[in-house]
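These notes concern the structure reproduced below.
Values quoted throughout were computed directly from the atomic coordinates according to the rules given, and no laboratory measurement underlies them. Keep in mind that what you see is a predicted model, and the values were worked out from it rather than measured. Cβ placement follows ideal geometry from the backbone for every residue including glycine, while neighbour counts extend to all protein chains displayed.
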């Protein structure tokens, strides 16, 4: 069977008991994604960088698709967690990149005044595969050379 789109365990996480994302109901759009390890997202202070929460997974897809990472609807109210980039975009060429094998991470800020603990296996977000379009005059020819945040390098 040809692989069209899906999830795999990223290199370095093969023996960490990572659960691949899955939809919980037949009409769910999003695949629930879990934290790969325990971590703490500190209470926000101006100037601090977001906390990258590891998932231990990577995603493969077709050339006209992307994986969008969305926050869980309960995270802001219950845990104070918001995504630093509102929506994370995972491009097809992020998969298997030489820097981090395409390891997916969620970039969180914690808007509460106390630190928030995330436990391994806790659902932290959702991934939704989506099609995208390009313009008639698109001439993109660049190739990804690295992992997280490497598109402009």
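Descriptive notes on the structure:
- Projected label distance in nm at residue 52 and residue 111, using a 7 Å step from Cα toward the beta-carbon: 2.4
- Scattering curve values for segment 61-150, log₁₀ I(q)/I(0), Debye with Cα scatterers, q = 0.20 Å⁻¹: -1.03
- The relative contact order of segment 27-153, computed from alpha carbon pairs under 8 Å that lie at least 6 residues apart in sequence, is 39 percent.
- Projected label points at residue 23 and residue 122, each 7 Å from Cα along the beta carbon direction, are separated by 2.7 nanometres.
- When both bridge partners sit in segment 6-131, DSSP labels roughly 95% of those beta bridges antiparallel.
- With a Förster radius of 30 Å applied to the C-beta separation of residue 14 and residue 38, the computed FRET efficiency comes to 0.95.
- Burial ranking of peptide ranges 90-97, 21-28 (average Cβ count within 10 Å, highest at the top): 90-97, 21-28
- Cβ-based exposure ranking for 143, 34, in which fewest neighbours within 10 Å come first: 143, 34
- From the alpha carbon centroid of segment 38-61 to that of segment 99-126 is 4 Å.
- In Å, descending, principal axis extents of the Cα set of segment 1-118: 50, 35, 28
- Over segment 31-95: Rg over Rh, Cα atoms, Kirkwood Rh: 0.99
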